[in-house]
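Taken together, the values in this text are just the output of simple stated rules run on the coordinates, not laboratory data. Keep in mind that what you see is a predicted model, and the values were worked out from it rather than measured. All Cβ positions, even for glycine, are placed from backbone atoms using ideal geometry, and neighbour counts span all protein chains on display.
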Amino acid sequence: MGDAAAPGLVLSPTASVGEGVTFGAHVVVHDGVVLGDGVVVQDAAILGKPPTLAARSTAPRGELEPLVIEAGATICAQAIVFAGAHVGEGAIVGDQACLRERARLGAGTVVGRGSMVDNDVRIGERVRVQSHVYLTAYSVVEDDVFVGPCAMTTNDHTMARHLPEEPLAGAVLRRACRIGGGAVLTPGVEVGEEAFVAAGAVVTNDVAARAVVMGVPARQVRQVPDEDLLAQWS
């Protein structure tokens, strides 16, 4: 059982707390949250927060599964992790980061300070999301991806001028691709396995596997050489 004596702790009686869990000051743990063994929750984090949706929001409604944070994960100071999310073993959610409902983080993944992972985003294992990144709803990020600071994905090419039944399309980042700082990915683009998107690029079309793209709009300039592939650095 975790340290229920942490100052200002608000812990729901329906939450499940594993062995060796530690809480900072003024943590809030909502109903049904599941904390695995050895989880660290730092000061003023909020776990299991229910979403508040606008009347015109296209996010799915209905009852959510409990938030699950697996063994050894760390939720840093002032982070907010919504109900229905899932944080994998040993993952880190940085200071003031936010994970929306049904977002999933794989084992060993790190989400940097102030980054936003929107609803229904799936992130694989060992992913590195740097500070102030926005991963828009319905995006998919596969294993071993790197997303540089202030990178942004988008999912609505009409900017809210669409019918309610028209689906939104997030980005798809294939295994071990790298997204440079400040890059912008327009709705529905796919960045291929081991591809490299340069800092500040605006990606308006799919990027082939191992392609290096840069510019506005992003264009391929070369291929990622063999010596830069992940297998050479693992």
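Shape annotation for the range 1-126: C-alpha extents along the principal axes are 42, 31, 22 Å, from largest to smallest.
The mean of 1/r over all pairs of different alpha-carbon atoms in the chain, once inverted, gives a Kirkwood hydrodynamic radius of 18.2 Å.
Short-range pairs are left out: with C-alpha atoms under 8 Å and at least six residues apart, the relative contact order of the chain is 9 percent.
For the range 163-202 and the range 34-66, what is the separation of their Cα centres, given in Å? Rounded to whole Å, the Cα centres lie 25 Å apart. The antiparallel fraction among DSSP beta bridges confined to the range 119-234 stands at about 15%. Amide H to amide H distances under 5 Å link Val212 with Phe196, Val221, Arg222, Gln223, Val224, where only residues 5 or more positions off or on other chains count and H is placed in the peptide plane. Computed from the Cβ-Cβ distance with R0 of 41 Å, the FRET efficiency linking Ala54 to Glu227 stands at 0.25. Decide, for the range 121-192, between rounded, prolate and oblate: order the square roots of the alpha carbon gyration tensor eigenvalues as a ≥ b ≥ c, take rounded if a/c falls under 1.5, and otherwise choose prolate if a/b is larger than b/c, else oblate. Cα axes put the range 121-192 in the prolate bin. Over all distinct Cα-Cα pairs of the range 57-126, the Kirkwood formula returns a hydrodynamic radius of 11.7 Å. For the chain, leaving out every one of the GluC sites (Glu not before Pro) that falls in a DSSP loop and has at most 13 other Cβ atoms within 10 Å, the longest unbroken run is 64-164. Where both bridge residues fall in the chain, DSSP classifies roughly 5% of the beta bridges as antiparallel.
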